[in-house]
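Just below is one structure, and these are the notes that go with it.
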Amino acid sequence: MSNAPKDFGLLVRAKREECGESQRAFGKRVSLSQAMICRIEAGDVSGLSKERLIDIATTLGIDRTLAEKAKTHSARVLAYCGTAGCPVNLPYILRFRELAFRPQMFEHDASEVQRCGFCGEKLQTQCAGCGAAPVRGKARCPTCGQAYVQCDVDIQEIYKKDFQFLIESLRAHYKDATEGL
Ligand SMILES: [Zn+2]
Ligand SMILES: [Zn+2]
């Protein structure tokens, strides 16, 4: 794993201090908040475009390719919405016995917190059971076997009810024919 975002952050800090500027003062110069400068210096370049980073680099006399590298090597993570029944997650029947949801996986910067576009819940970047990183296309965590999105609907109950309904419908349908029997 490259440390390009961290290296870039350290360089920004060093150059800014060379200029004798506070994070706030430098932020003003590049139209960013003090908090944002603080994040950049800590190696978090999420939420900033490559162009914006290059802007910062050139303002401080830093080689622009370092800004490009920082953006390219910023760590990415997979994330999913943990809400059962959220439309982003697909209902998924496991061996006719269990209902789960196969979550849609989204990718974002490791340092970012993102919310589900449908239900607004914070996206999960870990299996709730064991903390392993999620795997694309799976309903269950390959490490611990727990479903990423748990579902408390009892599928056996549904099968039972449907079968009952079928029997009752057939009885009603043949009622006349069997009345006299
Ligand atoms: Zn959701
Ligand atoms: Zn797990």
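Brief remarks follow.
- Cα-based shape type of region 76-150, given that a ≥ b ≥ c are square roots of the gyration tensor eigenvalues and the cut on a/c is 1.5: oblate
- Applying 1/(1 + (r/R0)^6) with r as the Cβ-Cβ distance of Ile158 and Ala133 and R0 = 25 angstrom yields a FRET efficiency of 0.15.
- Percentage relative contact order, region 76-150, counting C-alpha pairs under 8 Å, at least six apart: 36 percent
- Charge dipole (Cα centre; +1 on Lys/Arg Cβ, -1 on Asp/Glu Cβ; no other charges) of the chain amounts to roughly 420 debye.
- ³J(HN,Hα) computed for each position of region 22-36 - Karplus, 6.51 cos²θ - 1.76 cosθ + 1.60, integer Hz, glycine/proline x: 6, 4, 5, 5, 5, x, 4, 5, 10, 6, 10, 6, 4, 4, 5
- Whole-Å semi-axes of the chain's equivalent ellipsoid (Cα gyration tensor): 57, 15, 11
- Between Tyr80, Gly120, Pro103, the Cα set farthest toward the positive side of the dipole of region 76-150 (charges on each charged residue's Cβ, about the Cα centre) is that of Pro103.
- Projecting the Cα atoms of Leu170, Gln146, Cys130 onto the charge dipole of the chain, computed from C-beta unit charges around the Cα centre, puts Cys130 farthest toward the positive end.
- Listed residues Leu53, Gly20, Gln34: farthest to the positive end of the dipole of region 1-69 (Cβ charges): Gln34
- Rounded Å value of the spacing that divides the Cα centres of region 1-77 and region 161-178: 71 Å
- Ranked by how many other Cβ atoms sit within 10 Å of their own Cβ, fewest first, the residues Ile167, Ile56, Ile62, Ile155 fall in the order Ile167, Ile155, Ile62, Ile56.
- Highest mean packing first, where packing is the average number of other Cβ atoms within 10 Å per residue, the peptides 157-165, 30-38 line up as 30-38, 157-165.
- Relative contact order (%) - region 4-74, alpha-carbon pairs under 8 angstrom, separation at least six: 44 percent
Read-outs throughout are calculated quantities, based only on the coordinates presented, and are distinct from any laboratory measurement. For clarity, every value in this text was computed on a predicted model and none was experimentally measured. Every residue, glycine as well, gets a Cβ built from its backbone with ideal geometry; the counts of neighbours run over all protein chains shown.
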